[in-house]
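Step one of this worksheet: look at the structure below.
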Amino acid sequence: MSYQPPLEQFEFCQQQPELAYFDSAASCQVPQSVLTKLLDYYQHQHANVHRASYARGRAATQCYEQARRDCAQAIGATAAQVSFQASTTSTLNGLAQQLPVAWQAGDEILLSSAEHHANILPWQRLAAQHDLRLRFISLDRASGELGEWQHLLGPRTKVVSLTLASNITGTRFALEPILAAAQQQGAWTIVDAAQAVAHEQLAVTQLGADAVVFSAHKAYGVAGCAVLWLSQALLAASEPFTVGGGIVTGVTKSQANLVTGIHKFEAGTPNVGAAVAAASGLAWLQQQQQLGLHDYLQELRQQLWQQLQQRVWLTLLPTGKQHTPVIAFYSDEFQAHDIATWLDQHQIAVRAGHHCAQILLQDWQLPAVVRVSLAAYNTPAQIERLVAALDAGWQLFAE
């Protein structure tokens, strides 16, 4: 492995060198350079953005709009199509309520069984409001890939909203053919890229989607900021998710005239610091990818996969041909939460449960699984510690 994990760039690695943090699919730890950028903004530029007649306000606006340009460049987009939102969850809720669709009872929305609850509940609410039908692409239990979908796509399909990668199995799904077929049917297409953004160079214009969204805290940024890209068609046709200050050209007692363009999706005071950190996190990630981070994490994942496969008391969930550095497993002998608690006693942080993806686990008849997700600060030695701790638990409690 030629890539060297930049442990010195993460404060938690210095403060808690014994901690093996394997929960980056939930939230990445934050590099010092990103924290420095965030602090610098609050110390030297912080003010309310847009329409300021004073220098510090203009500086804050410049920081915010530069962050937009930087995030757009990182995902192969133009700034005029990139909006900052509070979270992926809030964005998917906003899209569900404001998509330009004249809903009729019986219209259909196509999802997959791998979706995070954030990409299911908004559509369930919408379906209840308009008497719509939700349809789900199943996951193959053997391969972890999406199953047959062609028969689920038809003239009544108005929206297709899919995750780019599973937050449980790590499978990176081949969405492009599905999205292309959906757009030929006239459906709006949405991609939840929260689990993919840290592990591939997103090229949003090549996915064939009308909307792509991800959270910055999944990509070495901080919480409180999601990046939303919209196609020109959806940008022009969609109404704002929220209305309020900052998106109007004029207001009377009876009506308001709203701005056009991407800023119509940013009512109220934005989280400028988190946007600055989002851009800084993506820049840091790109630099690490150039140094070999992607291949390094895949090698780490393979090291762990091979070791876990040898433990007959563990069952690994399947992953597809392409996958993020995520592994999930369960044991018929021990509950997932007990395994996670045992590992925590050994300074190893993993996540156990349904991972906000209950539909997938219900389909596969699993109550809970343990998930290990890797990031730039994980090492081969930590993998060995994890496996050794699992073995120690097995030897202690299986007898």
**Asked** Scanning for something modelled with pLDDT of 95 or more, closer than 26 Å to P325 by Cβ and out of contact with any Phe, Trp or Tyr (no Cβ under 9 Å at 6 or more places or on another chain), does segment 159-168 turn up at least one residue?
**Response** yes
**Request:** Looking only at segment 11-32, decide whether some residue is in a helix (DSSP H, G or I), under 22 Å from the mean Cα position of the chain (by Cα) and not acidic (D, E).
**Result:** yes
**Complete:** Over segment 36-47, the set of residues in contact (Cβ under 8 Å) with a residue 40 or more places away in the chain and crowded, with 17+ Cβ neighbours inside 10 Å is K37, L38, Y41, H46
**Request:** Give the number of residues within segment 167-185 that are farther than 26 Å from V369 by Cβ and either in contact with a strand residue (DSSP E or B) (Cβ under 8 Å, 6 or more places away or on another chain) or in contact (Cβ under 8 Å) with a residue 40 or more places away in the chain (or both).
**Result:** 4
**Request:** Grab the helices (runs of 4 or more DSSP H) fully contained in segment 166-282, keeping just those with 1 or more residues being surrounded by 15 or more Cβ atoms within 10 Å (Cβ to Cβ) and of a type in the set (G, A, S).
**Result:** 176-184, 232-237
**Asked** Is it fair to say T341 is under 30 Å from V30 (Cα atoms), of a type in the set (V, I, T) and free of Cβ contacts under 8 Å to residues at least 40 places away in the same chain?
**Response** yes
**Item:** segment 360-395: number of residues that are free of Cβ contacts under 8 Å to residues at least 12 places away in the same chain and more than 18 Å from Q347 (Cβ to Cβ)
**Value:** 3
**Asked** Could you say which residue among Q9, Q66, Q29 is under 20 Å from F265 (Cβ atoms) and either touching a residue at least 24 places away in the same chain (Cβ under 8 Å) or in contact with a strand residue (DSSP E or B) (Cβ under 7 Å, 6 or more places away or on another chain) (or both)?
**Response** Q66
**Asked** Quick check, is V82 crowded, with 16+ Cβ neighbours inside 10 Å, assigned by TED's automatic domain parsing to the domain that holds G281 and touching a helix residue (DSSP H, G or I) at 6+ places or on another chain (Cβ under 6 Å)?
**Response** yes
**Asked** Can you pull out the residues in segment 90-100 that are crowded, with 18+ Cβ neighbours inside 10 Å and closer than 15 Å to K158 by Cα?
**Response** L95, A96, L99
**Message:** Going through A52, A77 one at a time, which residue ends up being on the phi < 0 side of the Ramachandran plot, of a type in the set (G, A, S) and out of contact with any strand residue (DSSP E or B) (no Cβ under 8 Å at 6 or more places or on another chain)?
**Reply:** A52
**Request:** For segment 33-69, name all the residues that are over 27 Å from the mean Cα position of the chain (by Cα) and outside any helix (DSSP H, G or I).
**Result:** Q45, H46, A47, N48, H50, R51, A52, S53, Y54
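Yes/no matrix, rows are residues, columns are (1) surrounded by 14 or more Cβ atoms within 10 Å (Cβ to Cβ); (2) at pLDDT 95 or above; (3) within 21 Å of A174 (Cα to Cα):
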| site | (1), (2), (3) |
| --- | --- |
| Y296 | yes, yes, no |
| H323 | yes, yes, yes |
| Q345 | no, yes, no |
| A352 | yes, yes, no |
| H355 | yes, yes, no |
| D363 | yes, yes, yes |
**Fill in**
For R311, the lone unmet condition from (1) surrounded by fewer than 19 Cβ atoms within 10 Å (Cβ to Cβ); (2) over 27 Å from S143 (Cα atoms) is (2)
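This table checks each residue for (1) touching a strand residue (DSSP E or B) at 6+ places or on another chain (Cβ under 9 Å); (2) closer than 18 Å to C356 by Cβ; (3) of a type in the set (D, E, K, R).
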residue	(1), (2), (3)
L110	yes, no, no
S113	yes, yes, no
A118	yes, yes, no
L132	yes, no, no
A142	no, no, no
G154	yes, no, no
T157	yes, no, no
V160	yes, no, no
**Prompt:** Of all residues in segment 48-62, how many are touching a residue at least 60 places away in the same chain (Cβ under 8 Å) and over 17 Å from G268 (Cα atoms)?
**Reply:** 0
**Request:** Would you mention how many residues in segment 364-385 are in a helix (DSSP H, G or I) and in contact with a Leu (Cβ under 7 Å, 6 or more places away or on another chain)?
**Result:** 2
**Asked** Does A388 satisfy the criteria of being at pLDDT 95 or above and either assigned to a helix (DSSP H, G or I) or in contact with an Asp or Glu (Cβ under 8 Å, 6 or more places away or on another chain) (or both)?
**Response** yes
**Residue check, A72 under 25 Å from Q289 (Cβ atoms), in a loop (DSSP other than H, G, I, E, B) and either in contact with a Cys (Cβ under 8 Å, 6 or more places away or on another chain) or modelled with pLDDT of 95 or more (or both)** = no
**Request:** Only residues that are surrounded by 16 or more Cβ atoms within 10 Å (Cβ to Cβ) and hydrophobic (A, V, I, L, M, F, W, C): list them for segment 9-18, please.
**Result:** F10, C13
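The values are calculated or read from the model by the stated rules, or taken from the named source; none is laboratory data. Predicted model only: the values in this text are computed from it and were never measured. For neighbour counting, all protein chains shown are included, and Cβ atoms are generated from backbone atoms with ideal geometry for every residue, glycine included.
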